[in-house]
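The values are calculated or read from the model by the stated rules, or taken from the named source; none is laboratory data. Worth saying up front: this structure is predicted, and the values here are computed from it rather than measured. Methodologically, a virtual Cβ is constructed for each residue, glycine included, from the backbone with ideal geometry; neighbour enumeration extends over all protein chains shown.
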Amino acid sequence: MTAIDPQLIAELAPTGALRASINVGNPILARLDADGKPFGVSIDLAREFARRLGMDVQLVVFDAAGKSVDAVTNEQADFGFFAIDPVRGAGISFTAPYVLIEGAYMVRDDSPLRDNAEVDQPGRRVTVGKGSAYDLYLTRELKHAEIVRAPTSPAVVDTFLEQNLDVAAGVRQQLEADAQRVAGVRLLPGRFMVIQQAMGVPKSRPSAVVELLRRFVEDMKASGFVAAALKRHGIEGASVAPSAAPDQG
């Protein structure tokens, strides 16, 4: 990015501070270190975006996707990192995705379930992180199973075990890590959805701001920045999204 019009920066960050909404409930993109400071792919992108604008970035950290979404929707943050979803699209303008992540199901070892297609049956209870991409997607897609919402995505497996539920749904990597932490569970093969992780700004921001962010995301994919960040943070199973058509925003 070359010199940015100061008026455009003022429209992106009307308070004068550049505020990034960070969700540490998705460990693929952001986590907290031993000192409680956020790190990860989304933090790297937020800082690079700010650097290119010649600004400092303020990280506004949340423990759940729904809270992070609300912060940008309600203009308490200027941009953030989200799974694309039509419900969220009512309040957020998204870029094309920069990372693709698989959603998976977990069951107990003794569960009769062997396939993702068997989950949506009467009497089955599926736990998801409240307000997560999985919650929004499964709320639309599941016609028979009941959804039980855990407070955050990292709390899904503990809720699944404590309440003796049938299925836990979430980020494959989070579930794989939980499977090593607790005994007697397994992941169903394959995936039930692919999550498109994108950046976004409040819907009230003008189209020029959305285009600025869209170009940044495309450059981060094309330059290898996203791939390098995934590697640097040891993230496996997530892939860099393909480049978007020039007119996609």
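Tabulated results
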quantity: Enumeration of residues in the range 180-206 that are under 21 Å from the mean Cα position of the chain (by Cα) and of a type in the set (Gly, Ala, Ser); calculated: GLY190, ALA198, GLY200
quantity: Tally, over the range 139-156, of residues that are surrounded by fewer than 18 Cβ atoms within 10 Å (Cβ to Cβ), hydroxyl-bearing (Ser, Thr, Tyr) and in contact (Cβ under 8 Å) with a residue 12 or more places away in the chain; calculated: 0
quantity: Evaluation of LEU161 against (1) free of Cβ contacts under 8 Å to residues at least 60 places away in the same chain; (2) more than 22 Å from GLY237 (Cα to Cα); (3) not in a helix (DSSP H, G or I) (one fails), failing number; calculated: (3)
quantity: Candidate set from the range 134-151 (those that are of a type in the set (Asp, Glu) and part of a helix (DSSP H, G or I)); member that is farthest from ALA65 (Cα to Cα); calculated: GLU141
quantity: Per-region count, the range 83-99, residues of a type in the set (Val, Ile, Thr) and part of a strand (DSSP E or B); calculated: 2
quantity: Condition met for VAL41 (modelled with pLDDT of 95 or more, surrounded by 15 or more Cβ atoms within 10 Å (Cβ to Cβ) and not aromatic (Phe, Trp, Tyr)); calculated: yes
quantity: Long-range neighbours under 8 Å by Cβ, at least six apart or interchain, first residue not assigned by TED's automatic domain parsing to the domain that holds SER132 within the range 16-28, second basic (Lys, Arg); calculated: ASN23/LYS67; VAL24/ARG31
quantity: Condition met for VAL72 (aliphatic (A, V, I, L, M), over 19 Å from ILE235 (Cβ atoms) and buried (at least 18 other Cβ atoms within 10 Å of the Cβ)); calculated: yes
quantity: Elements of type helices (runs of 4 or more DSSP H) contained in the range 1-82, each with 3 or more residues being within 12 Å of the chain's Cα centre (by Cα) and of a type in the set (D, E, K, R); calculated: none
quantity: Test: residue in the range 221-239 that is modelled with pLDDT of 95 or more, farther than 14 Å from ILE101 by Cα and touching a strand residue (DSSP E or B) at 6+ places or on another chain (Cβ under 7 Å); calculated: yes
quantity: Residue within the range 118-133 that is more than 20 Å from the chain's Cα centre (by Cα) and either touching a residue at least 60 places away in the same chain (Cβ under 8 Å) or in a helix (DSSP H, G or I) (or both) present; calculated: yes
quantity: Any hit, the range 191-200, residues being touching a residue at least 24 places away in the same chain (Cβ under 8 Å) and loosely packed, with under 14 Cβ neighbours inside 10 Å; calculated: yes
quantity: Filter result for LEU136 (more than 20 Å from the chain's Cα centre (by Cα), under 21 Å from GLY25 (Cβ atoms) and surrounded by fewer than 22 Cβ atoms within 10 Å (Cβ to Cβ)); calculated: no
quantity: Residue in the range 110-130 that is at pLDDT below 95 and of a type outside the set (Gly, Ala, Ser) present; calculated: yes
quantity: Hits in the range 85-109 (condition: under 16 Å from the mean Cα position of the chain (by Cα) and closer than 18 Å to LEU138 by Cα); calculated: ASP85, PRO86, VAL87, ARG88, GLY89, LEU100, ILE101, GLU102, GLY103, ALA104
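Table: residues versus (1) surrounded by 19 or more Cβ atoms within 10 Å (Cβ to Cβ); (2) not assigned by TED's automatic domain parsing to the domain that holds LEU32.
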residue: ASP158; (1), (2): no, yes
residue: GLN163; (1), (2): no, yes
residue: GLN174; (1), (2): yes, yes
residue: ALA177; (1), (2): no, yes
residue: ARG186; (1), (2): no, yes
residue: GLU211; (1), (2): no, no
residue: VAL217; (1), (2): yes, no
residue: SER223; (1), (2): no, no
